[in-house]
Every structure is written in structure tokens, then in C-alpha cells.
Amino acid sequence: MKRLVTVVTGAGPGTGAATCRRLAEEGHDVVVSHAGDADAAEEAAEGVRRLGARTLCVRADTSVSADVERLFTSAERQLGPVTGLVNNGLVNNAGLAGPSTSFADTDPADLRRIVEVNLLGPLLCSRRAARAMTARGNGVIVNVIPCAATPDAPVHHAMTNAAVEALTLNLAKELGPGIRVNAVEPGDTEEVAAAIAWLMSPDASYVRGTVIRGRAAR
């Protein structure tokens, strides 16, 4: 039986590392993709190894198509065909322009980077994954929504939330039924990792174009 090979972007500390460990427990070999924190990525990879799964660390800016191609090519050459993708490489509420920065005062460079990372990154990674998965007729993509749906979420983050939800719904329609596409809202690290692992499992084979919501915002 061939091993599952899953690419996890933003696989440094927090949700990314927890997702890598959880997927390794569920029988996935894991490609740990990071944008620069090599130490955190290696720690995540070591967690995968301790669980008996194969792993590979790749530094990649997912908003750059050449980096995305290198990420998937490295995964395919060293671990085998990519069967899953977790789009987790995000700028969230605590990112470049946090909740304390008003939209009117946000630096245009920060706005551009938020759109590049939160939207262009998942688009490019999903596009590359879809090409490989479509050829085989199966695969799973899980998108992590950029930020928690709180009343004080900055408008530019809320915009990318809506965009990633639209990507999830429409990509699920285009690629289904063989390739499943779903999303998870951010929240408790271990809970989000568990939700991602479930969506990637055969138990969720009937779930498509769905966003698993966290606790309701107060």
C-alpha cells in the first residue's frame, strides 16, 4: 500500500507543527514547508520522525510560483506522489497589520503581502496540487481560514477569509468528486489539527466544500 504524502505549508510552530504531528500519527509522510523559520520547521519535522513517518523540510514562499513548483517537485522526488495539501501558510490576526492597526493606516506593502500570502499562496499551491491529483483522480486539500471570525478582525484579513472560503467552495465543485476540498477556521491548535486530520481521512469521504467552524465569536 502506498504511503500518503501530505504537504503542510506554514509548518513551523503552532497549528502547522501540530498538524504535521497529527498527520504523522494517522499514517501520512509529511512535507514541512516553511517561509524562513528553519529551526521551527526542523523541530516540526523531528516530531514527525519520532512518530515513525518520513519527512522533508522545504523553504518556500508560497506566493512565488517557482517556489511552489520546487516544493512539490522536491516532495514528489523524495517522498512520492503528493496525495494531500494543507494550506496553512498564512498571515493571521497577529500578522503584519494586527487588529490595532486601522485599515486607513495600514501600509500598502502590508496589504499587498497579506493578499499574497493569504490568497495567492493557497491559489498557487492548490493549482499545483490539483494538476497532480487530477491525473490520479484523487486527493485532499484542506485550507486553513486566515483569521478567526471575530467582530474586531481587520477588514483586510476579513477579506482574505471570504476569498479563501470562496476558493474552497468553488474548487470543491471543480475538482470533485475525486478530489475533496474543505476548510477549517483557526482556533485551539490541537483541535484544528484534529479537524484537519479528520477531513483528510476516509471517514470524511463525503465532505466537500465545507468549512469547519470554531467556537462562535463573542
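The values are calculated or read from the model by the stated rules, or taken from the named source; none is laboratory data. Predicted model, so just to flag it, every value in this text is computed and none were measured. All Cβ positions, glycine included, derive from the backbone under ideal geometry; neighbour counts span all protein chains shown. Heads up: the accessible areas ignore ligands, DNA and RNA and are worked out on the full protein's heavy atoms, side chains in. Shrake-Rupley method; radii C 1.70, N 1.55, O 1.52, S 1.80 Å.
Observations on the structure shown:
- log₁₀ of I(q)/I(0) at q = 0.10, 0.11 Å⁻¹ - the chain, Debye sum with one point per alpha carbon: -0.39, -0.47
- Length gained on full extension, THR73 to ARG112, computed as 0.36 nm times the residue gap minus the Cα-Cα distance: 11.3 nm.
- For the chain, the relative contact order works out to 19 percent when only alpha carbon pairs closer than 8 Å and six or more residues apart are counted.
- For the chain, the longest principal axis of the C-alpha atoms and the axis of helix 189-199 are separated by about 50°.
- Folded to 0 to 90 degrees: helix 65-78 orientation relative to the chain principal axis, Cα: 30 degrees
- Estimated distance in nm for a label pair at GLU46 and GLU25, the labels positioned 7 Å out from Cα along Cα-to-Cβ: 2.0 nm
- Selected from SER201, SER102, SER33 as most flexible by GNM, with the chain as the system and alpha-carbon contacts under 10 Å: SER102
- Cβ-Cβ FRET estimate between GLU174 and SER65, R0 fixed at 25 Å, reported to 0.05: 0.80
- In region 113-179, GluC sites (Glu not before Pro) in a DSSP loop with at most 14 other beta-carbon atoms within 10 Å: none
- Estimated inter-spin distance, ARG127 and LYS2, nm [label 7 Å along Cα→Cβ]: 2.5 nm
- Once the 1.4 Å probe is applied to the protein heavy atoms, region 1-132 comes out at 46 Å² accessible per residue.
- Simple spin-label estimate for THR189 and ALA38 in nanometres, 7 Å along Cα-Cβ: 2.3 nm
- Computed across region 1-65, the Kirkwood radius stands at 11.3 Å (inverse of mean 1/r, all Cα pairs).
- Degrees between helix 121-136 axis and first principal axis of the chain (Cα, 0 to 90, nearest 10): 30 degrees
- Heavy atoms of the protein chains alone define the surface here; on that basis region 175-214 has 43 Å² accessible area per residue at 1.4 Å probe size.
- When the P(r) is computed for region 97-193, the part past 15 Å accounts for 64% of the Cα-Cα pairs.
- Stokes-Einstein diffusion for region 119-164 at 10 °C, viscosity 1.306 mPa s, with a Kirkwood radius from C-alpha pairs, works out to 132 µm²/s.
- Of all accessible heavy-atom area on region 163-209, the percent that carbon and sulfur account for (1.4 Å): 54 percent
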